[in-house]
Amino acid sequence: MSTKKTAAQPPEKLTGIKLAKVPKTAAGLKSISSSVKHISKETGLAKGIGLLAKMNQKDGFDCPGCAWPDPDEKRAFLAEYCENGAKAIAEEATKNRVSPLFFTTHKVSELAKLSDYDIGKKGRITHPMILNEGSDHYEQISWRNAFDLIGRELNALNSPNEAIFYTSGRTSNEAAFLYQLFVRLYGTNNLPDCSNMCHESSGAALSETLGIGKGSVTLDDFNHTDLVIVIGQNPGTNHPRMLSALKDTKKRGGKIITINPLPEVGLMQFKDPQNPLKWFSGDKLTDIFLQIKINEDAALLKALLILLLEKAEKDPDVIDLEFINSKTHGYQDLIQDLKKHDTDELIERTGIDKNLVLEAVNLIANSKKIIICWAMGLTQHKNAVDNIREIVNLLLLKGSIGKKGAGTCPVRGHSNVQGDRTMGIWEKPKHAFLDALEKEFDFKAPREHGYDVVNAINAMHSAKAKVFIAMGGNFISATPDTEYTAEALRKCELTVHISTKLNRSHLIHGKKALILPCLGRSEKDLQKSGEQFVSVENSMGVVHQSHGHLPPLSQELLSEPAIVTGMAEATLKDSKVDWSALRNNYDLIREKIEATIPGFDNYNQKVRKKGGFYLPNNARKGDFSTTFTQKANFTVNSISDIQLEENQFLMMTIRTHDQYNTTIYGLDDRYRGILNERRVVFMNAHDMHDLGFQKLDTVDLISHFKGQERRAEKFLVIPYSIPRKCTATYFPEANVLVPIKSVAHTSNTPASKTVVISIKKRQD
Ligand SMILES: Nc1nc2c(c(=O)[nH]1)N[C@H]1C(S)=C(S)[C@@H](COP(=O)(O)OP(=O)(O)OC[C@H]3O[C@@H](n4cnc5c(=O)[nH]c(N)nc54)[C@H](O)[C@@H]3O)O[C@H]1N2
Ligand SMILES: Nc1nc2c(c(=O)[nH]1)N[C@H]1C(S)=C(S)[C@@H](COP(=O)(O)OP(=O)(O)OC[C@H]3O[C@@H](n4cnc5c(=O)[nH]c(N)nc54)[C@H](O)[C@@H]3O)O[C@H]1N2
Ligand SMILES: [Mo]
């Protein structure tokens, strides 16, 4: 590995950690005061409160935070936001500006040395900027010249496959549709996106087993379920409004099982900030907590399946044989596979007390309607796809899919990551989708699959790709193997970022680099035909509009659709598409979406209805005819094959309560009792004792993969409630340790939650 550390170096000095007590409950008054603090600091209080009042209301804008849905019916004034949604909007509506003058006085090489937190706090970018070859300062450029440069560089490539077009998941349906259209007319399917690092494993597993890559439940199902299993997810921080749905489940007598290496505060106890009567008592959420070792979920799920089947021998009602016989395929193969495993050995691997596992089995056995929710704790492992297929096995065994109160709930990350996929942001598009595009736009679409994120990095590293364009996101900080990825980006002829805020990806750049600043969700989008709105799809397949209300922070900002059409006009010289018409009136973009993508009939009309509309979902209806067997598929899956040597540990990279992916709101992780520091490693106290470590010792982390070592320096050791041999660090600081070749099979998602590390005490 390279020794030239520029992308992920540790700071000279750590920020000054303070330890606090781990709180017993999530949300409550503290979360309101934290929202107010962030909002006041970034935007000023009056503007901030005005913004919150519009967020997630039916005439307002979609929270740029997570993809958790809004209630279909009643929405309380000021209530449909959460602490972290407030932080997300504060971050976007910040008073801080990155102007051309800022770049005159700041060198790119100096800015690159700052932490992601310090870079982000510089604020919103106000003008299009260019970094010329050899220069250390960005300079202002006109939009026209920026588009022309992109057009020239793209047209100079030997093949369209030498260009890469990344997308993060905030991009609206309208912008995403135009972007993929432009890219395919240009001639490539190189459309990697943040999904490749996120729920790709879910999509792969669900399409194969249930015939749709999306989840099947709606928000209302939480009111009708007997049992919710939350596995590999930390909703208290990452999807706080989900806690309200879990509270509703409990209120109606439903139960909750949580499976996680950490006792995440939000899942244990919750004080609803929207219910003052409960500010002091709170609601207990989790009934059974299974504190599992990292990446032993497949082993646990297998054990649960075996124990359920054993129970079913005495009481056939424990499983749903009628559903199994009529709707599924592969049941006998599953049974044969389970016979090969020893239940006690499986449970032993998980590190969980057998009695607790038996309690969970009883609860599952007695429940007819089960929802399983999951996120990155399952999707970012080598055998991630197996984890999710095993979840499906459990639901199929119980007949818990395709009926009210039951089903799959992969909880999405970015607010429109699901919509972007629906719009065709995918490196492996389906033939039917390309056929429809070809018919509508009269061209020959590229059929060869493009690069996903990991393959895109490798292609840039080996100079097979030379132009990198990103629609949002922060590629260098979000991707694995930071030093390797930095080398890859630096080899590019041109890197282009369409962004709201300054981030590290603007500072680790190709020979030439552009920053194209765009409007945020909360801002008014004025085009020739008048004020526009955009639309997004949430985690449960509801498409609805999002309408900004604030004046744009600079006259120079363009909307994402305007930027895409600008790039398209400059690149595709004889294009038959009337790009300016689409830019002037987004209704025309929606007409094109309607003409090419199923489920969008009367799009313009339906999206104007308050609350939007549901997209079709076969699994929700219990129709599995779209799989290769035309039935729901049981599958046979493997458990983790990672072998740790003595003094090696598994490390998961997780989010703090004060960040949105690579956007760092603050330096605290309140729910885990860590204040003012991000370079920490959580360890089991017995493991610390064995290594002779004390609380707050400074250590270096070394990852081990196929004989290679990677190093991240200066982390403080924190004793924590985590199973033995398991550790946790924060993303993105620890991404430098995630090997580019360590990926999930089938989905190619970086295995950023199973990193094998050793830990060395520092002498300084
Ligand atoms: N405020 C805020 N909201 C966000 C985001 C954010 O950064 N900040 N990010 C958004 C995005 S893009 C996404 S994808 C989601 C992410 O939402 P999450 O998936 O909740 O995010 P992570 O912090 O990665 O947390 C993973 C959880 O899985 C657990 N875990 C890790 N490994 C394992 C394992 O092997 N087995 C089990 N059972 N559990 C495990 C961890 O302890 C942790 O609780 O949130 C979205 N919402
Ligand atoms: N080690 C490790 N790595 C991970 C993960 C992990 O758990 N562990 N999680 C992975 C996951 S789940 C994900 S989704 C990825 C996230 O990867 P990305 O989506 O690439 O990263 P973000 O940090 O969400 O992107 C933030 C940037 O987006 C820009 N932005 C914000 N709003 C807008 C907008 O409205 N329009 C435009 N054009 N730009 C905007 C801002 O400039 C901001 O700096 O990271 C992945 N990386
Ligand atoms: Mo994500």
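The values are calculated or read from the model by the stated rules, or taken from the named source; none is laboratory data. These numbers were taken from a predicted model, which means no experiment stands behind them. Backbone-built Cβ (ideal geometry, glycine too); neighbour counts: all protein chains shown. For accessibility, only protein heavy atoms count, side chains too; no ligands or nucleic acids. Shrake-Rupley method; radii C 1.70, N 1.55, O 1.52, S 1.80 Å.
If I stretch the segment between residue 309 and residue 135 completely, what's the gain in nm (0.36 nm per residue apart, minus their alpha carbon distance), one decimal? Contour length minus Cα-Cα distance gives 56.0 nm. Label-to-label distance for residue 431 and residue 573 is 3.5 nm, based on points extended 7 Å past Cα in the beta-carbon direction. The relative contact order of the chain comes to 22 percent, based on Cα pairs under 8 Å that sit 6 or more residues apart. Under the classification rounded if a/c is under 1.5, otherwise prolate if a/b is larger than b/c and oblate if not, where does segment 588-668 fall, given a ≥ b ≥ c as square roots of the Cα gyration tensor eigenvalues? Oblate. When peptides 48-55, 515-522 are ranked by their average number of other Cβ atoms within 10 Å per residue, the highest-first order is 515-522, 48-55.
When each of the peptides 666-675, 447-456 is scored by the mean number of other C-beta atoms lying within 10 Å of its residues, the order from highest to lowest reads 666-675, 447-456. Residues of segment 335-378 with backbone nitrogen within less than 12 Å of a virtual label 7 Å along the Cα-to-Cβ line of residue 317, please, listed as ranges. Those under the cut-off are 366-368. Take the Cα of residue 629, step 7 Å toward its Cβ, do the same at residue 438, and the gap between the two points is 3.2 nm.
To the nearest µm²/s, what D does Stokes-Einstein give for segment 692-758 at 37 °C and 0.692 mPa s, using the Kirkwood radius over alpha carbon pairs as Rh? Approximately 252 µm²/s, per Stokes-Einstein. Phi-derived couplings, Karplus 6.51 cos²θ - 1.76 cosθ + 1.60 at θ = phi - 60°, listed residue by residue for segment 313-327: 4, 8, 10, x, 5, 5, 10, 10, 5, 5, 4, 4, 5, 8, 10 Hz, with x used for Gly and Pro. Here the calculated FRET efficiency for residue 647 and residue 721, from their Cβ-Cβ distance with R0 = 22 Å, stands at 0.50, rounded to the nearest 0.05.
What is the sum of charges around residue 622, taking Lys and Arg as +1, Asp and Glu as -1, for the other residues whose C-beta is under 10 Å from the C-beta of residue 622?
With Lys, Arg at +1 and Asp, Glu at -1, the net is +3.
Each residue, residue 761 and residue 325, gets one label point 7 Å from its Cα in the Cβ direction; the gap between the two is 6.5 nm.
Expressed as a whole percent, the accessible surface of the chain that belongs to carbon and sulfur atoms is 51, based on a 1.4 Å probe.
Accessible area of residue 690 (1.4 Å probe, protein heavy atoms only, ligands and nucleic acids ignored): about 110 Å². Note on the chain: helix-only mean residue ellipticity at 222 nm, from DSSP H runs of 4+ residues weighted -39500 (n - 2.57) and normalised by residue number, equals -9500 deg cm²/dmol. Just need the relative contact order of segment 200-410 here, percent rounded to a whole number, with Cα pairs under 8 Å and 6+ apart. Value for segment 200-410: 32 percent. The Cys residues in the chain with no partner Cys Cβ within less than 4.7 Å of their Cβ are 63, 66, 82, 194, 198, 492, 518, 726.
Excluding ligands, DNA and RNA, the accessible surface per residue across the chain is 36 Å² with a 1.4 Å probe.
The phi torsions of segment 107-122, fed into the Karplus equation with coefficients 6.51, -1.76 and 1.60 and a -60° offset, translate into couplings of 7, 4, 5, 6, 4, 5, 7, 6, 6, 4, 4, 5, 5, x, 6, 5 Hz, rounded to whole numbers, with Gly and Pro shown as x.
Phi angles across segment 160-170 convert, under the Karplus curve 6.51 cos²θ - 1.76 cosθ + 1.60 with θ = phi - 60°, into 3J(HN,Hα) values of x, 6, 8, 10, 10, 10, 7, 9, 8, x, 9 Hz, Gly and Pro given as x. Each of 86, 749, 164 was placed along the dipole of the chain (beta-carbon charges, centred on the mean Cα), and the one lying farthest toward the positive end is 86. For segment 649-761, relative contact order (Cα pairs under 8 Å, six or more residues apart, normalised by length) works out to 37 percent. Shape of the chain from its Cα gyration tensor (a ≥ b ≥ c, root eigenvalues): rounded if a/c is under 1.5, otherwise prolate when a/b > b/c, or oblate? Taking the square roots of the gyration eigenvalues as a ≥ b ≥ c, the chain is rounded.
The listed residues 509, 549 rank as 549, 509 when sorted by accessible area, largest first, using a 1.4 Å probe.
Rounded to the nearest 0.05, what FRET efficiency is calculated for residue 686 and residue 104 with R0 set to 51 Å and r the Cβ-Cβ distance?
In this case the efficiency is close to 0.40.
Within a straight-line Cα-Cα reach of under 18 Å, residue 631 can be paired with the following aspartates and glutamates, leaving aside sequence neighbours fewer than 8 residues apart in one chain: 208, 320, 322, 333, 390, 623.
For residue 523, the residues 5 or more places off, or on other chains, whose built amide H falls under 5 Å of its own are 549, 550.
Translational diffusion coefficient of segment 200-410 (Stokes-Einstein, Kirkwood radius from Cα pairs, 20 °C, 1.002 mPa s): 124 µm²/s.
Among 650-661, 374-385, the peptide with the highest mean count of other Cβ atoms within 10 Å heads the list, and the full ranking is 374-385, 650-661.
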